[in-house]
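The values are calculated or read from the model by the stated rules, or taken from the named source; none is laboratory data. In this text, all values refer to a predicted model and were calculated from it rather than measured experimentally. Counting neighbours? That spans all protein chains shown, and the Cβs are built from the backbone with ideal geometry, glycine included.
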C-alpha cells in the first residue's frame, strides 16, 4: 500500500458535521482517535510490566542496605588502630557505600581472621561476596552464619540471599511474576477539554457526552516468566528470554479493555569491562476484544561501567508496527510503519541507598499516512531510594517532544507539535516488613510486595484537540518466585 498524505478539510466542513465527529471522538477519546493515542495504548502494557519488574528488583536491592550503614571513618584511623575491629568494620561499611566491594571484602576477611565469631561481620562479608557474584563462597559464608545463634530478624534477612546464592549456581534459572492491581484514571478516554472541543467543532459540541474526560476504574493482571541460561561460567555469557501476559478490564469504558502478549529472547555477551545485550521481541495486543497491533522488533544494549558507582548504557531499537482497523476507528491502519529509537542511559548509585537514572532518547516514527509521521526526543529521570528491609520509594519524570511532518487536515491546518510530561511516584512495602521478625513466612510469600502508585500525564499540543490531562492512582500486589 502506498503512503497517504493528509488532505485539507475546510474548517466549515468540520463545524457542519461537528456533532457526528465529536460523538466519535468522545466515544473513543485520544487513545482511539488521535494518531499518537494508539501508540500510547500499546506502550502501556510494556510500561506496566517493566514497572512490576523494577518493583521486585528494588525490594531485593533494598534488603542489602540494612546491614551496610555506619559513620565515616578514614583509612588513617584504621592504620593507627589495627586492633580496633569495630573501627575496621565501620571502614568496610564505608567502602561498600563507596562501591569498593573488593576493598571491603579484604577488610572484612581480615576482621574475621582476627575473630571468627563476629556473625554480623560475616553476614556483611557474605553479602559483599554475593554482590561480587562469588555465589559459591557467599553460600558457604551464609550457611555458617545461619547455623549460628543469631537474632530472628537477621536470620530472616539472610535467608533469601542463601536461597538466591544457591540458585545462581545453576546453569539455568527462572523467575515468575504474578501481579494483581486496581487503577483509577481521571480521564481514561483521554479527551480534550470541553472548551477546546467546542473551539474545534463549534456550538454543536457545547455539551457532548464524555467531553472533558471520563473517569473509570480497571482491574489489572500481569503474569510473566523469564529465564536465563549460562553459556560460559567464567565469562558469564548467557541466553535470556521472557514471556508476559497483560490484561486490563475497565469498569465502564470497555472499549479500552486491553489484552497483550509479549515475547522476547536473545543473549548477553560478557566482555569483562562491558556487556552487549541483543534481544528480539514480538508483541500482540487486543483492544476491546479486537486485534489492534502486531509489533516485531529488536534491541541492542551496550553497557559499560564508567566508575565504581556509575554505568552508561547506549541502545538502539527498531520496531515494525502493524495496526489493524477497528470498528470505531476504521483509519487506524494508517499508523502502520516502523519506529526507530536510539539513546543513552546513565545510572549512578549515590551513597549506596539512592540510585539515580537519567536518559535521552531520539525517536522517529514513519507511517502509511504522512500526517502520522513524527520525530521526537524523550528525556527521562528516575530515582529509587532504598530504606532497607525491602522498603523503597521510586520516582520518575519524563518529557517528550514530538514534531509531526505534516498537518492532519481533518482537524487542523497546523503542523502538530506535542509536549508530553509524565510524573510517577511509587511506594513499595514487602510483606516481610509487615510482620514481626519472629514470624517465619512460607517461601511462596517471601517475594511478595505491595505497591501504591500515583501518576500525572499531561499532553500539551498546538492542536488543542490533542491536549489533555490524566491522573492515575493504582495499587497492586506482586508475587515473585525464583527457581
Q. Given the residues 371, 392, which is the only one that is surrounded by 18 or more Cβ atoms within 10 Å (Cβ to Cβ) and part of a strand (DSSP E or B)?
A. 392
**Q.** Leading residue by the ranking (modelled with the lowest pLDDT) among those in the range 315-331 that are surrounded by fewer than 17 Cβ atoms within 10 Å (Cβ to Cβ) and assigned to a loop (DSSP other than H, G, I, E, B)
**A.** 328
Q: Count, please, the residues in the range 222-259 that happen to be over 19 Å from residue 169 (Cα atoms) and either part of a strand (DSSP E or B) or at pLDDT 95 or above (or both).
A: 15
Q) Any residue at all in the range 371-381 that is under 27 Å from the mean Cα position of the chain (by Cα) and over 30 Å from residue 332 (Cα atoms)? A) yes
Q) Only one residue in 176, 262, 192 is modelled with pLDDT of 90 or more, touching a strand residue (DSSP E or B) at 6+ places or on another chain (Cβ under 6 Å) and more than 21 Å from residue 277 (Cβ to Cβ), so which one is that? A) 176
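Residues checked against (1) outside the structural domain of residue 381 (by TED's automatic domain parsing); (2) modelled with pLDDT under 90; (3) under 19 Å from residue 396 (Cβ atoms):
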residue: 289; (1), (2), (3): no, yes, no
residue: 294; (1), (2), (3): no, no, no
residue: 313; (1), (2), (3): no, no, yes
residue: 336; (1), (2), (3): no, no, no
residue: 356; (1), (2), (3): no, no, yes
Q: Inspect the range 61-77 for any residue being buried (at least 18 other Cβ atoms within 10 Å of the Cβ) and either more than 35 Å from the chain's Cα centre (by Cα) or modelled with pLDDT of 70 or more (or both) and give the result as yes or no.
A: yes
Q.
Suppose the filter is in a loop (DSSP other than H, G, I, E, B), touching a strand residue (DSSP E or B) at 6+ places or on another chain (Cβ under 7 Å) and more than 30 Å from residue 93 (Cβ to Cβ); does residue 334 pass it?
A. no
Q: Taking the options 407, 360, 342, 397, name whichever one is farther than 30 Å from residue 159 by Cβ and in a loop (DSSP other than H, G, I, E, B).
A: 407
Q.
List pairs: first residue in the range 457-468 and at positive phi and modelled with pLDDT under 90, second residue assigned to a loop (DSSP other than H, G, I, E, B) and surrounded by fewer than 22 Cβ atoms within 10 Å (Cβ to Cβ) anywhere in the structure, Cβ distance under 9 angstrom, at least six positions apart or on different chains.
A. none
Q: Could you figure out which of (1) surrounded by 15 or more Cβ atoms within 10 Å (Cβ to Cβ); (2) assigned by TED's automatic domain parsing to the domain that holds residue 272; (3) modelled with pLDDT of 80 or more isn't true of residue 219?
A: (1)
(Q) Any residue in the range 133-155 that is touching a residue at least 60 places away in the same chain (Cβ under 8 Å) sitting within a Cβ distance under 7 Å of a residue that is part of a loop (DSSP other than H, G, I, E, B)? List the pairs, counting only those 6 or more apart or interchain. (A) 152/437; 152/438; 153/437
**Q.** Of all residues in the range 269-283 being within 20 Å of the chain's Cα centre (by Cα) and surrounded by 16 or more Cβ atoms within 10 Å (Cβ to Cβ), the one that is nearest to residue 214 (Cα to Cα)
**A.** 283
Q | Sole residue being in contact (Cβ under 8 Å) with a residue 24 or more places away in the chain, under 25 Å from residue 182 (Cβ atoms) and part of a strand (DSSP E or B), chosen from 454, 381, 447, 376 | A | 454
